[in-house]
Amino acid sequence: MPNRIRRAHTKSRFGCQQCKKRRIKCDFKHPSCGTCVKKGETCSFLQTAPPKHLKITFADSEHCTVTVPRRHDTSSPDERDLLPLHARLQDPWKFSQGASPFSLQNVLSHYTHTTSLTIENGDRETAVWQLGIPQIAAGYKFLTHCVLSVTSLHIAYLSRPEEQPKQFNHWNAVAAFQMNQALAGYRHAIEKVTRNNVAAVFASSALTAVYFVRTSVLNFGDLEAAFPLSAAHTSEMAGKMISCIVRTMWGLRGPLEVLMKGWTWIADSSIQPVASRKGWPKMRKPASPLARDEDERLRRIKDLWLQTDRQYGPHSQYLSQALDQLRETYALNSQLLQLGASKDCHGTSVLLDRDAMFSWVTRVAREYIQLVEAQDRDALVILAHFAVLLIRTNTVWWLEGLGTNFVRAIAVALGSEHRKLIEWPAHHAGISLS
């Protein structure tokens, strides 16, 4: 009898234990994979699913812990004993215990059960962030620091400044400290990306981008509180707001730099599911009547410089290029919505693949970002229309308010003379331009 030839297949390290034991492909469905549901078995993914009673318990002191309350808890056990038995036995951070102080171990637990589920959508991507990142971080302290930083920001967000101001400030300070610790090692690693460290460097760059996005929102709030919106302060406030935007844009381009340096290695690494989008349509065309209307709206922006003397200026090509790329990004988003990569949120389709939106920031020329920094009118108008995509994807904690802040900052920078050019983005942001 001839030997059976096994069909080639892509191996994954992050399938459930039951599928690994059967040597079959896992579909990564959470909290229980499709095969286990079909066979009526208990999936190992349930061991890392967020417990129903997991919550952040804030004390009156300046410290807080992430705990799982128990019904009959009369003693004062070790903090790790507060976690369910299956969580302690299956702790994905067990090989990284020494990479962070014991007092922060519960923060890592919060990452596993909660924060990791908010970085990206999709079962394969979530599996990497939830289970793969702890494995990678075992050899790279800077990645653990990035995880601690972003998770601390998440805990601060959950505390709400109006309800727990001390905890809010405390965890934001922890996040800043951990990011500073991370950058010390990350900067050294990114200068020499190798096959061995590429997954850790890419994951760190992505988490750093999340950090920049969230802290940008916080900085906007601080600026609005510090500067009364009056003629005397408008120029200074506009400059600081635009600086926040530019810093965010540079931060979002971090993963691109890593991709360019080590794509061959990334494509063959455990981080590949979050770095590659093979399912995106190659031809970018508006996929619905609404998308075609929006594309025409975007096309008309080019008249701002092509029908004036600015068409002969040195910046015209960068403006035109950025606008064409934005139209492609809108088209891609509409195509993905048509393919079902969305969810219904209060009657509105919301794109789930956030990378489809951020791809524009990574593609625009550096010269365009410099025009934004210089508060060039036409560059700001283009950016305001990109902010509409941010607003439409405002379904995760670290993006909350970013698009609206972009539009508000651009309105301040444009001044009353040119604000009418961003009426459409302002409408989406719920901002009055009068």
Checklist entry - Can you tell me which residues in region 113-162 are basic (Lys, Arg) and on the phi < 0 side of the Ramachandran plot? => result ARG124, LYS141
Checklist outcome for this item: The condition of being of a type in the set (Gly, Ala, Ser), more than 19 Å from GLN272 (Cβ to Cβ) and not in a loop (DSSP other than H, G, I, E, B) holds, among ALA127, ALA156, only for ALA156
Checklist entry - With (1) touching a Ser or Thr at 6+ places or on another chain (Cβ under 7 Å); (2) farther than 30 Å from ARG408 by Cα as the list, and ASN197 as the residue in question, which single condition is left unmet? => result (1)
Next on the checklist: Given the condition modelled with pLDDT of 90 or more, in contact with a Lys or Arg (Cβ under 7 Å, 6 or more places away or on another chain) and assigned to a helix (DSSP H, G or I), answer yes or no: does some residue in region 306-320 qualify?
Outcome noted: yes
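The values are calculated or read from the model by the stated rules, or taken from the named source; none is laboratory data. This one's a predicted model, so the numbers in the text were calculated from it and none came from an experiment. Because the Cβ atoms are built from the backbone with ideal geometry, glycine has one as well, and the counts that use them run over all protein chains shown.
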